[in-house]
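The values are calculated or read from the model by the stated rules, or taken from the named source; none is laboratory data. Every value quoted in this text rests on a predicted model; they were computed, and no experiment measured them. Methodologically, a virtual Cβ is constructed for each residue, glycine included, from the backbone with ideal geometry; neighbour enumeration extends over all protein chains shown.
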Amino acid sequence: MKRILFLLVIGGALFTASCTKRYEVVQPNVTVTAPIASSDWGTANGGLTDTVFITTNQISSYLRDNGLVAVALTFDQGNSYEPIPFVYNNVNFSYIYGKGGIILYAQSADGTQVIPVPAASVAKITLIPAN
């Protein structure tokens, strides 16, 4: 009787201790840069908003729906990057993204004043996939 009970306990322990191996596929982030000239900016809302479109073919429907796109700007040839959203020289920078591109927005910090055309810069775009 003790042997049967011992075998049942050992068998139960082996059965409950078995596990399924799962292999997670890590998708690396991708970073691309895009130079933005002052002449690339266009105005809207009577000059209250400046916009620029950055073609980013790496943004797929899947990335748009399941991942994240982070954007940072540099105005000093890459010595430092400021993640968007941020305010620089009383200009608020923000962005939206969709399949195939990003739209950057520049407005006065309070949204009521016409701003000068933003200076030339470089956008660093980080594509962060997720599942």
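Before moving on, here are some points about what is shown:
- Every residue from region 30-47 that is surrounded by 11 or more Cβ atoms within 10 Å (Cβ to Cβ), assigned to a helix (DSSP H, G or I) and either touching an Asp or Glu at 6+ places or on another chain (Cβ under 9 Å) or among the polar types (S, T, N, Q) (or both): 38, 45
- Here residue 91 meets the list (1) modelled with pLDDT under 95; (2) touching a Lys or Arg at 6+ places or on another chain (Cβ under 8 Å); (3) among the β-branched types (Val, Ile, Thr) almost entirely, failing just condition (2).
- Of all residues in region 60-77, those that are aromatic (Phe, Trp, Tyr) have Cβ atoms under 9 Å from Cβ atoms of residues that are surrounded by 13 or more Cβ atoms within 10 Å (Cβ to Cβ), 6 or more apart or on another chain, in 62/129; 75/82; 75/88; 75/118; 75/119; 75/120; 75/121; 75/122.
- Scope region 84-131; condition over 18 Å from residue 32 (Cα atoms), free of Cβ contacts under 8 Å to residues at least 40 places away in the same chain, assigned to a loop (DSSP other than H, G, I, E, B) and of a type in the set (A, V, I, L, M, F, W, C); matching residues: 109
- Candidates 25, 69 - the one that is among the β-branched types (Val, Ile, Thr), modelled with pLDDT under 95 and either more than 15 Å from the chain's Cα centre (by Cα) or not in a loop (DSSP other than H, G, I, E, B) (or both): 25
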